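Enquirer: My questions all concern the structure below.
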Amino acid sequence: MTQKEVRARVREAAADRGRLDCMRQSFGTILDRQKENADRIPDLEARKERLRKTKEASVGDEGLFLEALARLEENGFRVIVAKTADAALRSIRDEVKGYDLVVKSKSNVTKEIHLAESLGKDGISVIETDLGDRIIQLSGCEAAHPTGPACHMTRREISELFSKHFGEEVSEDPLELTRVMREEIASYISKARVGVTGANAITASEGAVVIVHNEGNAAKCAMLPDKHIVVTTTDKVVPTLDDAINVTKLQTYLSTGKIVSSYINVITGPSYTADIEKKVYRGMHGPKDVVIVFVDDGRMAAQDKEAMYCIGCGMCLLHCPTYNVLGPGYGTPGHMGGHGAYLAGSLGNLDEAVDAGANLCTSCGACRVVCPASIDIKKGLIDTRGKLAKAKKGAVPEHSVLVASVKNYANPWQVPRRRKANWARGLGLRPRGEVLYFAGCSTSLLSPDAARKVVRVMRACGVEPAYLGQAERCCGSTARKLGEEPLARELAEACFADFKKAGARQVVTSCPGCSSALNHYSELPKKHGIQVLHLSQFICEHLAELNLTPVDIGPATYHDPCDLGREQGVYEEPRKVLAAVLSTPTTEMERSREMSGCCGSGGGVRSAYPELAAEIGKDRIQMARDVGAATIITSCPWCRQNLLESQGEAGSMPVVDLVELIDRALADDQR
Ligand code: SF4
Ligand code: SF4
C-alpha cells in the first residue's frame, strides 16, 4: 500500500462514517457482552496464561507436530503437509478435481491462501456457509472481524445486497435476512459432495480436529458431503484436547462475549460403525474421506514465532486505534489489523507486510494488553520494519527523512543541532552534575518554553540540573520505532557514555519516548550505574519540597502517553502530581492507564500519515469529551502536539503538559 493509497483509505473511511460507526458499535456490543459475562469466567487470566504457555511450547515443535500427524493418520485422516501456499492450493485442487461445488465454513487460512479465488479459476464454485462470510462473499468487500466478518455493514446494506442477489425485495428484518440466506446455504450444502472447514486446534495426543462455531453449518460442511477437507496451519497443533478446549473457551468469550459457543465439534476421522458383527465399517453416516491439509508456508522455520500464537479472537482489533479508523484496510484478508502485517513479516512475506500496513502502527501497544496470548504486535511490527529497512522495501519517504535527520542533525525535526539548545540560553546550566536534565529533541524544538519550566521546577525541588547543551544527542526512540535498530542502539550507547562523562547518576527526561528509549536496552543503565526517569517520576519523588498552590483549570482528564504508561508502567506518579497541583480532581477517561487510548502520533504515523494521526487524535479527544472534560493533560510533547492538531468540528480542547501546571502552581518564591 502506498502512502497515497493509505491517505485515500483514511479519507474514504472518514467520509463513510456509517460503516465505521457500525463496526465500532459491533465492537462495543462484544465488549458489553464480555462485561456482562465476566463473572462467569473467573479464571480468565489463568486461561490466558495457559494459552501463552501452550503456544510457546507447541508452535514450531517438530516432535509434537509429528506426533499429531501420526495420530491423525491412525485415526483415518489422510494427511497432507504443504510447505507453501501454492503447494497447498495444488493439493486441494487435486482433491476437488471432478467436483463443481464446494461448501466451506469459516477459516482464516483459506483466505490467506486465496482458496476460493483459486478454485473459482478452475470453474469450481466455493460457497461460504457462515452467514457473515457469505455476506462478505456477495458484497465483495473485506471482512472486518474474524468471527463477525460483516459487522461493519448495516442491515439496510445487507437487505439491499440480498434483494439484488435474490432478485426480489428482502426486508431489513435480521430474522428475515437470516432465513433467506439459511435456505440458500442449506440447498448448497445438500448438493455439495465436498466440504471444507478450518480448525481452531488440532490435538496431538488424540489426533483430533476441534472446530468452534455458532451457526451449525461448519458441522454440516464436515459431516454431510462425501469428502471433508480440513485446511489448517501447522501452528494450530496443541498437545491435548484440554488445551484445545481452553483455546475454544477464550476464542468464544473474547470474540463474542459468550461463555461457550453453540457448537464445538471434535472430529477424529471418517465416521465408522462396528454395530454389525463388531467389524469396523468406515464412512457409514458421515464422509468416507477426511483429508487434512496443513499449510506451513514458512511457519515451522520462522525465527520469530510469536505471531503464530494467534487464536483469531479479534480483541486486538477492538482496541487498535489504527484499525478503528481504517477498518479492514489494515491487515491481510486472512489476518486483520496489525497482527496480519506482523504475521506476514515474520513469515518473510515483506511485500505483503507493507501492503497490510506495517507502517501504520502507532506503536501504542494496546493490542498486547488485550491479546489472550500476549502477542507483542508492536514489537513484531518494529522488527518487521527492521527487515523492510534491511531489504530496502516499502520505504516511506517521510520516515527516511526522519532517520536521515537523526543521523545528520541529532534530531528527527531537520533542525541544525546547534539550535536544539537555544531554549537554555541565559539559564546558566552547567554541563556536569549528578542529576542531568535530558531535554530531548521534541521538547527542545517544539516546546522550548516547557523545557525552561522543567528547569525551574527542578530547581524548585532543590536540584540544580546539569544539561549537555549542544552535545545532547537524539535518544534513538524514533530510529528504533522506524526499524533502525542498530542506529537506535548506537545512539542509546552514545547517550550513556555522555551521561557518564558528565558525572550523572540520574537522568531526567521530559519526553516519555526518551526515557523509554534510554531504558530499552536495560543493560545500559545497569552498566553505567545511571537511573533514567521521566519528569513525572522525578517530581513525584520531590513533591514534599515543592510549595504548591493548587490551580483551578475546570474539569480535566489525564491522557496516559503510551511510552510512559504501557511501555514503562508509569501510571500513578503523574496522577499523584496532578492531585497536588489541581484544585479539582481529574476524571478518568473510560480508557485509561493500561487500557489507555492512543493520541495517534507515534510510530512515525503522524509524520507519514497525518490524516490517520488526526483521526485517531479526534477519537481520543472525543473520549475526553465523553467524560465531561474541558482540558486534556498529558506529559508527552508528541501527544500534546498531535492532540492539539487533531481538533475536530466540536471545537478546540486545550491540551496542557503536566509541567505547565506544576509551574503555574509553584509559589512565587520558588519560581
Ligand atoms: S501497537 Fe497499537 S496501533 Fe499498533 S497494531 Fe497494536 S493496537 Fe494497533
Ligand atoms: S493477535 Fe491476539 S488479540 Fe489479536 S486476534 Fe490474535 S489472539 Fe486475538
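Enquirer: For each of Leu446, Leu318, Leu69, count neighbouring Cβ atoms within 10 Å of the residue's Cβ, then give the residues from fewest to most.
Expert: Least crowded to most crowded, the residues run Leu446, Leu69, Leu318.
Enquirer: Calculate how steeply helix 3-15 sits against the longest principal axis of the alpha-carbon atoms of the chain, using the helix alpha-carbon long axis, and give the answer as 0 to 90 degrees to the nearest 10.
Expert: The helix 3-15 is inclined about 80 degrees to the chain.
Enquirer: Hey, got the dipole for the chain? About the Cα centre, +1 on K and R Cβ, -1 on D and E Cβ, debye to the nearest 20?
Expert: Here the size comes out at about 1760 debye.
Enquirer: Then there is this: Can you tally the net charge around Ala344? Count Lys and Arg as +1, Asp and Glu as -1, for every other residue whose Cβ sits under 11 Å from the Cβ of Ala344. Mind showing how you got there, number by number?
Expert: Working: positive: Lys387; negative: Glu112, Asp297, Asp351, Glu352, Asp355.
Neighbourhood net charge equals -4.
Enquirer: Still on this structure: What is the gain in length, in nm to one decimal, between Glu490 and Val551 on full extension, counting 0.36 nm per residue of separation less the C-alpha to C-alpha distance?
Expert: Net length gain for the segment: 17.7 nm.
Enquirer: Report, for the chain, the % of DSSP beta bridges that are antiparallel, rounded to 5.
Expert: The antiparallel fraction comes to roughly 20 percent.
Enquirer: Further question on the same structure: Can you work out the FRET efficiency for the pair Glu73 and Arg11, with r the C-beta to C-beta distance and R0 = 41 Å, to the nearest 0.05?
Expert: 0.20
Enquirer: By its C-alpha gyration tensor, with a ≥ b ≥ c as the square roots of the eigenvalues, how is region 501-582 shaped: rounded for a/c under 1.5, else prolate for a/b larger than b/c, else oblate?
Expert: oblate
Enquirer: Compute the long axis of helix 377-390 from its Cα atoms, compare it with the longest principal axis of the Cα atoms of the chain, and write down the angle in degrees, 0 to 90, nearest 10.
Expert: Result, in degrees: 80.
Enquirer: Please rank Cys361, Cys461, Cys320, Cys540, fewest neighbouring Cβ atoms within 10 Å first, as an exposure proxy.
Expert: Ranked by crowding around the Cβ, least crowded first: Cys540, Cys461, Cys320, Cys361.
Enquirer: Let me ask another. Rank Ala46, Leu119, Thr129 by how far each Cα sits towards the positive end of the charge dipole of the chain (+1 on Lys, Arg Cβ; -1 on Asp, Glu Cβ) and give me just the farthest.
Expert: Result: Ala46, furthest along the dipole toward the positive end.
Enquirer: Count charges around Arg155 for me, please; just the other residues with Cβ under 11 Å from its Cβ, Lys/Arg as +1, Asp/Glu as -1.
Expert: Computed value for this residue: -4.
Enquirer: Looking at this model, which pairs from Lys420/Lys453; Lys48/Lys106; Lys111/Lys393 are more than 18 angstrom apart at the alpha-carbon?
Expert: On the way: Lys420/Lys453 16 Å; Lys48/Lys106 23 Å; Lys111/Lys393 25 Å.
Pairs exceeding 18 Å: Lys48/Lys106; Lys111/Lys393.
Enquirer: From Cα pairs below 8 angstrom and at least 6 apart in sequence, can you work out the relative contact order of the chain, rounded to a whole percent?
Expert: Reported relative contact order: 12 percent.
Enquirer: Anything over 30 Å Cα to Cα? Flag those among Lys104/Lys278; Lys249/Lys390; Lys164/Lys191, in the order listed.
Expert: Cα-Cα > 30 Å for Lys104/Lys278; Lys249/Lys390; rest within.
Enquirer: If the limit is 31 Å between Cα atoms, which of Lys55/Lys220; Lys35/Lys481; Lys407/Lys500; Lys378/Lys527; Lys4/Lys97 go over it?
Expert: Numbers: Lys55/Lys220 29 Å; Lys35/Lys481 34 Å; Lys407/Lys500 22 Å; Lys378/Lys527 27 Å; Lys4/Lys97 42 Å.
Too far apart for the 31 Å limit: Lys35/Lys481; Lys4/Lys97.
Enquirer: Could you tell me how far the Cα centroid of region 427-500 sits from the Cα centroid of region 89-131, in Å?
Expert: Spelled out, the Cα-based centre of one part sits 58 Å from the other.
Enquirer: Continuing with this model, one more query. Roughly how tilted is helix 572-581, in degrees to the nearest 10 and between 0 and 90, from the longest Cα axis of the chain?
Expert: It is inclined by approximately 40 degrees.
Enquirer: Quick check: Cα centre of region 163-215 to Cα centre of region 581-630, how many Å?
Expert: Spelled out, the Cα-based centre of one part sits 40 Å from the other.
Enquirer: On to the next question. Using the beta-carbon distance between Leu44 and Leu66 and R0 = 35 Å, what value does 1/(1 + (r/R0)^6) give for FRET efficiency, to the nearest 0.05? Intermediate results must be reported in sequence, preceding the final value.
Expert: Details: r = 33 Å, r/R0 = 0.94.
It comes to 0.60.
Enquirer: Let me ask something additional. Need the full-extension length gain, Lys576 to Ser187, defined as separation in residues times 0.36 nm minus the C-alpha distance. One decimal, nm. Walk me through the numbers on the way to the answer.
Expert: Working: separation 389, 0.36 × 389 = 140.04 nm, distance 6.44 nm.
Using 0.36 nm per residue and subtracting the Cα-Cα distance, I get 133.6 nm.
Enquirer: Note down the nm distance, to one decimal, between modelled labels 7 Å out along Cα→Cβ at Gln622 and at Glu168.
Expert: Going from the Gln622 label point to the Glu168 one covers 4.0 nm.
Enquirer: Can you give the FRET efficiency to the nearest 0.05 for Asp669 and Asn422, using r as the Cβ-Cβ distance and R₀ = 30 Å? Spell out each step's value before the answer.
Expert: Working: r = 28 Å, r/R0 = 0.94.
Taking R0 as 30 Å, the efficiency between Asp669 and Asn422 is 0.60.
Enquirer: Kindly provide the helix-only [θ] at 222 nm of the chain, computed as the sum of -39,500 (n - 2.57) over DSSP H runs of four or more divided by all residues, to the nearest 500 deg cm²/dmol?
Expert: On the way: 31 runs with 319 residues, N = 671.
Computed mean residue ellipticity for the chain: -14000 deg cm²/dmol.
Enquirer: Taking region 334-420, which trypsin sites (Lys or Arg not before Pro) meet the DSSP loop condition and have no more than 10 other C-beta atoms within 10 Å?
Expert: Lys392
The numbers here are math on the coordinates, done by the rules we state, and not lab data. Bear in mind that the values here come from a model prediction, so they are computed numbers and not experimental data. Note: ideal-geometry Cβ built from the backbone for every residue, glycine included; neighbour counts use all protein chains shown.
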